[in-house]
Amino acid sequence: MTEPHLRSVISERRQLINLAYRLLGSLAEAEDAVQETYARWYALSERQRQDVAAPGAWLTTVAGRICLDLLGSARARRERYVGEWIPEPVPDRSEWLGGPAPADPADRVTLDESISMAFLVVLDSMTPAERVAFVLHDVFRYSFAEVADIVGRTPAACRQLASCARRRIATSQHPPSTQRAEVVRDFKRAWETRDIEALIGLLDPRATATADSGGLAPAFRRPITGGEQIARAWIEIAARAPEVTLLERTVNGQPGLVAQLADTIVSVYAFDIADGRITRIWAIRNPEKLRPWKAN
């Protein structure tokens with residue numbers, strides 16, 4: 001391959017990582033999917049590669065199909081997962097690995113509204129075809145003809161899939177980040193001082209808290225429902241681990257918290273907020289999902 005051609009292929013890596021993460025909800029699986037995509041590219045003969053008019057489109061098509069296959073088998077994998085499954089959280093670039101962003105910009109995930117935990121959780125409730133059609137068209141702006149080539153359905157069918165997905169997404173709108181940061185900061189302060197009344201006031205009465213440990217760390221196995229019940233659970237967590245330090249961090253592009261024990265991040269907390277109150281808390285405790293995080 002000519003040098004410019006080779007560079008253009010390599011430069012697609014960041015786009016592929018961003019696409020695969022939004023499709024799979026797991027940075028580790030996204031990296032594996034992208035690696036497999038490039039393995040298939042380099043498995044082509046030199047003539048076959050040179051015959052590809054648009055290498056970026058070829059790579060996206062292959063990555064999309066790999067992700068679609070992985071999503072199709074995700075249900076069986078989730079059935080073997082211990083406890084609840086939550087998408088893998090990613091930090092802000094400046095907080096990645098507790099310091100500078102990755103040396104290779106291609107390993108970064110672009111943080112925007114399409115990566116918030118609430119958004120990813122809604123995506124996870126979709127069928128694989130809905131998720132792929134919606135993300136490719138609405139987030140990455142691929143035409144329905146291009147989406148159809150990846151999903152293996154007609155453009156009209158892909159349009160319908162994206163429309164169904166769009167209706168689900170419409171229910172997960174967010175207040176401005178400044179308002180979210182204030183609520184999360186107040187929650188942190190109330191948690192640190194074990195002020196249960198303040199916690200109850202910050203939580204929607206119908207709030208839900210979900211923890212993901214994968215059986216690899218202590219955590220409540222089933223979601224907790226109700227603001228008062230969550231507040232009491234969080235007071236108990238504080239009492240059991242008084243040596244833990246809470247830090248305000250950006251979690252999937254939104255204000256969140258991390259729990260630091262000595263030099264290790266042991267939990268990442270993402271929040272959904274409506275009308276000034278917390279409606280959802282996602283507590284990620286699985287150490288395998290916390291590998292991009294490091295205490296400052």
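Between the DSSP loop rule and a limit of at most 14 other Cβ atoms within 10 Å, which trypsin sites (Lys or Arg not before Pro) in the stretch 1-80 are left?
ARG80
Would you mind getting the Kirkwood hydrodynamic radius of the stretch 159-229 from its Cα pairs, rounded to one decimal in Å?
Hydrodynamic radius (Kirkwood, Cα only) of the stretch 159-229 equals 14.9 Å.
Say we join alpha carbon atoms closer than 10 Å with springs in a Gaussian network model of the chain; which of VAL52, VAL244, VAL266 then has the biggest fluctuation?
Of VAL52, VAL244, VAL266, the Gaussian network model singles out VAL52 as fluctuating most.
Readers should treat all values here as calculations from the given coordinates under stated rules, not as data from a laboratory. If you're wondering where the values come from, they're calculated on a predicted model, not measured in any experiment. Positions of Cβ are backbone-derived with ideal geometry, glycine not excepted, and every protein chain shown enters the neighbour counts.
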